[in-house]
Amino acid sequence: MKTANDRQARRTGLLAIGMIAILSCSVTAQTGPLSDAHKTLVARLDAMKADLFEMSDWMYRNPEYGYQEVKTIEKMLAPLRQAGFTARVGIAGFPTAVRAEKRFGTGRPTLAFVPMPDGLRGPDNTAFHGCHHNLQNAAAVGAALVLTKYMEEHSLNGTVAVITYTAEEIPPPTINDMNAAGGIGLRHGDLHV
């Protein structure tokens, strides 16, 4: 039988793996060889891991259904806004769809992290995070914060965005549907993970 500590360790490990995977892909796309850059990014993630783990755990304990992810969105936006991201809530006609972004130089290309803030519907109509959306959200916020700091320090052009894929579980609008409805702003050549 798994204990609460076992579950916590698993969530912590999954969050760390997700953040490193996201950052490895995004840094490779931006800079080529990773040695010093990778060390810097990992050190920055390590410095913020307590806040990201707290965010993930809070979301795990407080899941919200699709189109009702208001507190989850607030939790995600707080550190992004503090780091200078601008945010639009309710984009493309979806009440909890968000595009938070920070632009550098020309603003092109865009690297968008697209986490899913909603929980699943469980027995007795209770929400829960069975697909680890809580981990995706914290990983996306952490990756965006670390990547924007790196881009700023190295005078790189581009936009880093966090775009919530709202109500993904009930059935969803696809990210392409949301983009076609306007407000998301993804264009050919942009990368979203």
### Message
Checking the structure you have, find out if any residue of the stretch 113-134 is at pLDDT 85 or above, open to solvent by 10 Å² or more (accessible area, probe 1.4 Å) and of a type in the set (Phe, Trp, Tyr).
### Response
no
### Summary
Scanning the stretch 171-193 residue by residue, those modelled with pLDDT under 65 and of a type in the set (Asp, Glu) turn out to be 190
### Task
Tell me which residues, restricted to the stretch 55-109, are open to solvent by less than 20 Å² (accessible area, probe 1.4 Å), of a type in the set (Ser, Thr, Tyr) and in a loop (DSSP other than H, G, I, E, B).
96
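Step by step: first the residues of the stretch 135-170, then only those that are part of a helix (DSSP H, G or I) and among the hydroxyl-bearing types (Ser, Thr, Tyr), then the one that is modelled with the highest pLDDT. Which residue is that? Let's see the steps before the verdict.
Here is the first cut: in the stretch 135-170, the ones part of a helix (DSSP H, G or I) are 135-153.
So of that shortlist, the ones also among the hydroxyl-bearing types (Ser, Thr, Tyr) come out as 148, 150.
Details: 148: 89, 150: 85.
Applying the filter and picking the extreme gives 148.
The values are calculated or read from the model by the stated rules, or taken from the named source; none is laboratory data. Note that the coordinates shown come from a computational prediction; the quantities given were computed from them, not determined experimentally. Note: accessible area is taken over every heavy atom of the protein model, side chains too, but ligands, DNA and RNA are not part of it. Shrake-Rupley method; radii C 1.70, N 1.55, O 1.52, S 1.80 Å.
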